[in-house]
Amino acid sequence: MSKKNIKISYDKNSRVLIVEIGKKKSVDSDIQGNMVLDHDKKGEIVRINLYDFSFDEFRSQRSVLKQFSQGLITTSHR
């Protein structure tokens, strides 16, 4: 498995959380609600943008997100 450089940034004025995975160029995007996934020419995700992201709301939902992520980890290793 190759190690990827992940960069996370937050634009406070527009409330956008940006997760960049590596430095590949985006050629296509999928939009679902407030989330945009950018893909490279191989179809791999290179960037995730979460619009209208609030750290206050994120903090209040941490326990739910933690339980969800633990469920994903458990099911992906079966």
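The figures follow:
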read-out	value
For the range 23-64, radius of gyration divided by Kirkwood radius, i.e. Rg to Rh on alpha-carbons	1.12
Residues in the range 42-57 reached by a label modelled at residue 6 [backbone nitrogen below 15 Å; 7 Å Cα→Cβ]	45-50
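No value in this document is a laboratory result; all are computed from the given coordinates. Remember, it's a predicted structure, so these values are computed and weren't measured experimentally. Cβ: placed from backbone, ideal geometry, glycine included. Neighbour counts: every protein chain shown.
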